[in-house]
Amino acid sequence: MTHQPIPERRVKAAWLIVARREIIAQLTDKAFWIGTLSTLAIIVLSFLVVGLMGGETSPSKVAVSTDTAEAVVTQATRTGGNVAAVRVDDDLLRTTVEDGEADAALSYTESDGWLLAVKNLSDAPDLAEAVRTVQIESNSVALGVDAGEVLAGTTLTTVPLDGDDGTALAIIVATFAFSILFMLAAVTYGMQIAQSVVTEKESRIVEILAAAVPIRSLLIGKVVGNTLMALSQVILLVTVSLVGLSFTPYKPLIALVAPVAGWFVLFFLVGFAALACLWAAAGAMATRVQDLSQTTTPLMMVVMAAYMTGLFARGTVAEVLSYVPITSTVIMPGRLLSGEADWVNALLALFVAAAFMGLAIWIGALVYRRSLMQTNSVMSYRQLFSRTD
Amino acid sequence: MRSRGLSDMLDVMLDIDSVTRRFGDLTALDNVSFSVPDGAFTGFVGGNGAGKTTTMRIIMGVLAASSGEVRWNGQPLTQCDRSEFGYMPEERGLYPKQPILPQLTYLGELHGLSSRDARRAATVLLTRFGLGDRLKDKLEKLSLGNQQRVQIAGALIASPKALILDEPFSGLDPDAVDEMFSLLAEFTKRGVPVLFSSHQLDLVERLCDQIVILRKGEVVAKGSVEQLRDSGETHHRIVARDDLGWLRDRTGVTVIDLDGPRAEVALADEAVAQAVLAEALGRGPVHDFGPIVRPLSDYYREVTR
């Protein structure tokens, strides 16, 4: 050893080294890949199922024998009706429906006017509006008046008073999906962090680590490493989900969610990092992996509460909670989506969450330091704040 | 202690000054002061619960002192200094389920080495310990002795500027102890101070330049092995041809044990010693005359009683 030159020490942030190890340890862990790949497989499968089952429902086939009747069907498709014309001979109109080759048969007689023959009333496509439009046009021509003038002012637009243009459900779905993602990530990665801490404590390597680098660096490294892993996994899942979504009738949802996607990511990042510090602290309070359930219960409750409020809070409660750290992660993106909140509100919530993150790092480091050397029993919350290191 | 330690003669790098540590009502360390001199082995001995591990943890900053401080070259020891120390805790700890090379590399990096240097240093050390062909083995697959070697390698990886080793030799066979000691000696030759605790007094006596003895949280003795051995009342052994009964009547001579021509005596001073020797020679041939070298363990029992 004497002949070996003393290697140069480079001042490198210790948390970076710790974060890198956390990431590598997970990437080289079989369980991680099994978990990730099976989740992806479930998502892809579920979209395949939705695509095959739901998908675009096939249009109702309407048997027609004249150009006018066909024009009615065309007019109906123009206004959003899911119908298609099937041209048949006049005398085959009835049998086509009876044989099930068409869902309905549309015909016109001088005596009865327009007739729509169907097997079941519930299968009847709505062609009334189209019939009226086509008939008014042809009557206008017969009367020598301009069809446009006759039809002018006959359209009705329904305006919802709460500004809902049909996206309310979409917002609920998106918020719900986000809450689930956040909760799943918080619980899986939270446990991962807590476990990583307690394993080091159990194997006693923590004494060497704590002697080599400040405990805060250890904590930050773990939080950063695991947050990055969680975030990239979530982004991967969301991307795959969005791609999947684009193959289903819910495609318009993507356009709706896209503008606030960045906020989702930001809120996830800050909310998750704050929770991660607390998870690390919970891990440090345990002595063995088996004790984790005991020390992580309070956090589990916080995550579940945030998740539930994200789903059920409405009105003023939701507004207030959208500024409270952790719950803001679940609620604020939804409020942004619905337009209830703007970027100023979002920034404010983000700022509060970031401040909370700072506090969580401080608390986490304190707990970490005070309990790391305690190796014979689980530390109580009361002990934690009454002890000196 | 009145005796001057080696620390007064050598450059003192690591200085433990009046360190006290209380756990609730229990005083684990009471005003502990000693120095670990540059380039020397300092043995840290004491019974279970004497406070050796607590002292080492305080030096490494894993525990805080209730009062007192630890200095490095006269300045309070900082986290930055500590990151360049090599530490082997009493409770061994590495990642059992990780291959040994990556985890030593990780430790090296945490100590400030670049990842390439850390990897190289880990490979060199492990190869030297005869583990060169097991770099990819998980720690838990190694024998306990080999795990111990990896642990020591962990403390040495980043060319430490001081070594704090808690019971580094426990669990090693005599050959491994010698091998480890010669490796550590390379560090002391470079000027690195080494503080190590041990229960094995014979080992400490053989290896250490300086000894610190702790009893119930207090330093009861410190100094070089010779100083400690000689500090008590020194006895002399006399072996002559004829009966030594006359020794009982001489002033300044206390007979401890007398068996015909053999005697163990306590002599008041050097002048008495010379007088006794002269008289013995005058009475006939003297086969042996000289101080009795007591084993350190005698002294240890005396001070820790």
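The figures follow:
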item	result
Cα-based radius of gyration of the stretch B:12-163 once divided by 2.2 N^0.38 Å, which approximates compact folds	1.14
Chain B: most fluctuating residue of B:Asp230, B:Asp25, B:Asp38 per GNM, C-alpha cutoff 10 Å	B:Asp25
Shielding by partners, peptide B:90-102 (average Cβ within 10 angstrom, other chains)	4
A:Thr154-A:Val243 FRET efficiency (beta carbon distance; Förster radius 41 Å; 0.05 resolution)	0.45
Of all DSSP beta bridges in the stretch B:75-218, antiparallel share, percent nearest 5	20
Size-normalised alpha-carbon gyration radius of chain A, reference 2.2 N^0.38 Å	1.49
Aspartates and glutamates whose Cα lies under 16 Å from that of B:Lys141, excluding same-chain neighbours fewer than 8 positions away	B:Asp133
DSSP-defined beta bridges in the stretch A:58-160 - what % are antiparallel, rounded to 5	45
Reach of B:Lys189 by Cα under 24 Å, taken over lysines that are not fewer than 8 positions away in the same chain	B:Lys161, B:Lys222
Residues in the stretch A:76-93 that a label on A:Glu129 would reach, taking backbone N under 20 Å of a point 7 Å out along Cα→Cβ	A:76-85
Computed helical MRE - 222 nm, chain B, DSSP H runs ≥ 4 contributing -39500 (n - 2.57), nearest 500	-10000 deg cm²/dmol
Local net charge near B:Ile59, Cβ-Cβ under 14 Å (Lys/Arg +1, Asp/Glu -1)	-2
For chain B, built as a Gaussian network whose Cα springs stay under 10 Å, the top-fluctuating residue of B:Leu247, B:Leu135, B:Leu156	B:Leu247
Residue exposure sequence - A:Trp15, A:Trp362, A:Trp279 - by fewest surrounding Cβ within 10 Å	A:Trp362, A:Trp15, A:Trp279
Neighbour net charge for A:Gln195 - beta-carbon separation under 12 angstrom, K R +1, D E -1	-2
For chain B, built as a Gaussian network whose Cα springs stay under 10 Å, the top-fluctuating residue of B:Thr55, B:Thr20, B:Thr234	B:Thr234
Cα convex hull of the stretch B:260-305 - mean projected area over all directions, nm²	4.4
Expected 222 nm ellipticity per residue - DSSP helices of 4 or more, -39500 (n - 2.57), all of chain A, to 500	-22000 deg cm²/dmol
Computed over the stretch A:58-160, Cα set: Rg, Dmax in Å	14.6, 47
The protein assembly as shown: antiparallel DSSP beta bridges as a percent of all, rounded to 5	65
Label zone at B:Ala266 (point 7 Å along Cα-to-Cβ), backbone N below 13 Å, the stretch B:214-255	B:232-236, B:252-255
Of the DSSP H helices in chain A, those whose Cα atoms cover at least 27 Å axially and whose Kyte score averages 0.0 or more	A:30-53, A:168-202, A:215-245, A:261-285, A:292-312, A:343-372
Sites B:His287 and B:Thr27, calculated FRET efficiency, Cβ-Cβ separation with R0 56 Å, nearest 0.05	0.60
Rg ratio (alpha-carbon, reference 2.2 N^0.38 Å) - the protein assembly as shown	1.59
Burial ordering of B:His235, B:His111, B:His287, B:His199, fewest other beta-carbon atoms within 10 Å first	B:His287, B:His199, B:His235, B:His111
Approximate spin-label separation A:Met308-A:Ala117, in nm, with each point projected 7 Å along Cα-to-Cβ	6.0
Fewest-first sequence of A:Arg21, A:Arg314 by Cβ atoms within 10 Å of each Cβ	A:Arg314, A:Arg21
10 Å Cβ shell holding at most 15 others, DSSP loop, GluC sites (Glu not before Pro): longest site-free stretch of chain B	B:92-232
Cα-only Debye scattering, the stretch A:249-311: base-10 log of I(q)/I(0) at q = 0.13, 0.19, 0.21, 0.28 Å⁻¹	-0.53, -0.81, -0.90, -1.13
Percentage relative contact order, chain B, counting C-alpha pairs under 8 Å, at least six apart	21
Size of chain B as Cα extents on the principal axes (Å, biggest first)	76, 45, 33
FRET efficiency, A:Leu48 to A:Glu70 (Cβ-Cβ, R0 30 Å, nearest 0.05)	0.25
Average beta carbon contacts from partner chains per residue of A:357-363, 10 Å cutoff	0
Average beta carbon contacts from partner chains per residue of B:72-80, 10 Å cutoff	1
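Just so you know, all these numbers are worked out from the coordinates, no wet-lab data involved. These figures come from a predicted structure and were not determined experimentally. We place every Cβ from the backbone using ideal geometry, glycine too, and count neighbours over all the protein chains shown.
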